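Read-outs: derived from the displayed coordinates by stated rules, not from any lab. Nothing here was measured: the structure is a model prediction, and the numbers come from that model. Virtual Cβ from ideal backbone geometry, glycine too; neighbours counted across all protein chains shown.
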Amino acid sequence: MNAKADFSPDVLLLDCPREAESIKRSIRESLASKLHRRGLVVGISGGIDSSVTAALCAEAIGPDRVIGLQMPERHSADDTMALSSLIADHLRIQKVLCDITPTLEAVGYYAKYDEAVRSIIPEYGPGWKSKIVLPGIDEDRAYTLYSIVAGSPQGVLIKKRLDLRSYLAIVAATNFKQRIRKMLEYYHADKNNYAVAGTPNRLEYDQGFFVKLGDGAADIKPIAHLYKTQVYQLARHLGLPEAIISRPPTTDTYSLPQGQDEFYFSVPYEAMDLCLYGKNHGIDVETLSRHVGLTPKQVLGIYKDIDKKRSTTKYLHMPPILVKAIPEISY
Amino acid sequence: MTNFEAEIHRFIADKFLFGDDKKLADNDSLLEAGIVDSTGILEIVAHLEERYGMKVDNDEMVPENLDTIANIGAFVKRKIS
């Protein structure tokens, strides 16, 4: 790779007014010319990505044509409802509440999840909380091996590596959440002749941090090309509430608070963004390491991890494979 | 090829390649060949533990032990000897 003498974190500085207008124009044109739908449904969690997506949609087509779907469940963070209501009210979009706890219970998610955790941590029981985590950046990461962390009501934490059966059981069960939410987004979209806006940022989209046919499904993804750092810049430009902007990124998936750097990415998003940018633009590890507070060896490990994740999550992006081409239908 | 390597070769060819082992060489990196990912490693470990009655510790789940059929064969031989 080549050194870039002028590389700095400023490479991610966005011309916010221009970018916002470009995205809004694309939203309008997509709805009118490609999707032929009258408005947009956005699943809102109070997080930065869904908030910026909803804001761009509301500014693009008017708040009366955007529905913000709030879909909390038993393990949602305590501030999810307050913050998702805050952004909906701030944007003056319609908000619709669909608590998915009963649906998750009906498909057996909570029972299946608890059984999988108990198979590894027998002490896990009522009142316990849990999350899955990755090894830290300094640990050998040839293989991405998840561990389960369970916390007792007394605050005792137990951490154990997930074996094949428990890992697959936990992932399969947890994926219910994203798929049920998407099902509800499309219900409201169909009912209103609207389309569904997905909310991934570039890091999530690039690295496969989504559930196939869950949060990975959408008709349009307005911020998928933006690094998370840039999403925050747009949030400020769009004047979103400070409480939304200052909320730490979370997966909001497990009962124990879990940062995205514990679950999927090895380091905080600011460093990951620069690493992804550096990878995409051929920045050498020595140059990048000076700007992200990591050693060259750690940066090299992250570069390799980026490639590995792209490879292993390729199938999440793939449309259905046709055994034989159907030339009359191709997009 | 040892007996362990032959069995592991058959397992990987069957489990991951649906019997098509034309591109499966015993000293090729399974990771780099795109045959096995991190979930696949868990499948290999589960197979070794069940087939050979061995326990694979966390710190043994490294490429030196698991990334080629030859490495896996040598690892199994060490563990059960």
Q: Taking amide H positions as placed in the peptide plane 1.01 Å from N, state which residues far from A:Leu97 in sequence (5 or more) or on other chains have amide H under 5 Å from it.
A: A:Gln70
Q) Which ordering of B:Phe11, A:Phe176 is given by a fewest-first count of other beta-carbon atoms within 10 Å? A) B:Phe11, A:Phe176
**Q.** Highest-MSF residue in chain A out of A:Ala169, A:Ala218, A:Ala82 [GNM, Cα springs under 10 Å]
**A.** A:Ala82
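Can you give the convex hull volume per residue for the Cα atoms of region A:177-331, as a whole number of Å³?
About 172 Å³ per residue, rounded to a whole number.
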Q. Summing +1 for each Lys or Arg and -1 for each Asp or Glu, what net charge is found among the other residues whose Cβ lies under 11 Å from the Cβ of A:Pro9?
A. -2
Q: Starting from the amide H of A:Leu14, placed 1.01 Å from N in the peptide plane, find each other amide H under 5 Å away whose residue is 5 or more places distant or on another chain.
A: none
Q: Pop out the ³J(HN,Hα) list for region A:9-18 in order, Karplus 6.51 cos²θ - 1.76 cosθ + 1.60 with θ = phi - 60°, rounded to Hz; leave Gly and Pro as x.
A: x, 5, 4, 8, 5, 9, 7, 4, x, 5
Q) Which semi-axis lengths, in whole Å and largest first, follow from the square roots of five times the eigenvalues of the Cα gyration tensor of region A:1-143? A) 35, 28, 14
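Taking a 27 Å limit on the Cα-Cα distance, which of the listed pairs A:Lys212/A:Lys297; A:Lys228/A:Lys309; A:Lys34/A:Lys191; A:Lys228/A:Lys279 fall beyond it?
Working: A:Lys212/A:Lys297 32 Å; A:Lys228/A:Lys309 18 Å; A:Lys34/A:Lys191 19 Å; A:Lys228/A:Lys279 16 Å.
Exceeds cut-off: A:Lys212/A:Lys297.
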Q) When only C-alpha pairs under 8 Å and at least 6 residues apart count, what is the relative contact order of region A:83-234, in percent? A) 17
Q) lysines within cross-link reach of A:Lys129: Cα-Cα under 19 Å, excluding same-chain residues under 8 positions apart? A) A:Lys112, A:Lys159, A:Lys160, A:Lys177
Q. Expressed as a rounded percentage, what relative contact order does region A:18-97 have, with Cα pairs under 8 Å and six or more residues apart?
A. 31
Q) Can you give me the relative contact order of chain B as a percent, contacts being Cα pairs under 8 Å and 6 or more apart? A) 39
Q) Across chain B, how many lysine pairs separated by 8 or more positions, or lying on different chains, have Cα atoms within less than 23 Å? A) 6
Q: Under a 10 Å cutoff between Cα atoms, tell me which one of A:Pro126, A:Pro135, A:Pro268 has the largest fluctuation in the Gaussian network model of chain A.
A: A:Pro126
(Q) Less than 13 Å Cβ to Cβ from A:His225, Lys/Arg counted +1 and Asp/Glu -1: what total charge do the surrounding residues give? (A) -2
Q | Inter-chain shielding of B:23-34 (mean C-beta neighbours from other protein chains, 10 Å cut-off) | A | 1
Q: Please get the size of the charge dipole for chain B, origin at its Cα centre, with Cβ charges of +1 on Lys and Arg and -1 on Asp and Glu, quoted in debye to the nearest 20.
A: 280
Q: Report the local net charge at B:Val36: Lys and Arg +1, Asp and Glu -1, summed over other residues whose C-beta lies under 9 Å from its C-beta.
A: -3
Q: Springs between alpha-carbon atoms under 10 Å, Gaussian network over chain A: tell me which of A:Pro200, A:Pro296, A:Pro122 tops the mean-square fluctuations.
A: A:Pro122
Q: Give the long-range amide H neighbours of A:Ile67: residues separated by 5 or more places, or on another chain, with amide H under 5 Å away, using H modelled in the peptide plane at 1.01 Å from N.
A: A:Leu40, A:Val41, A:Val42
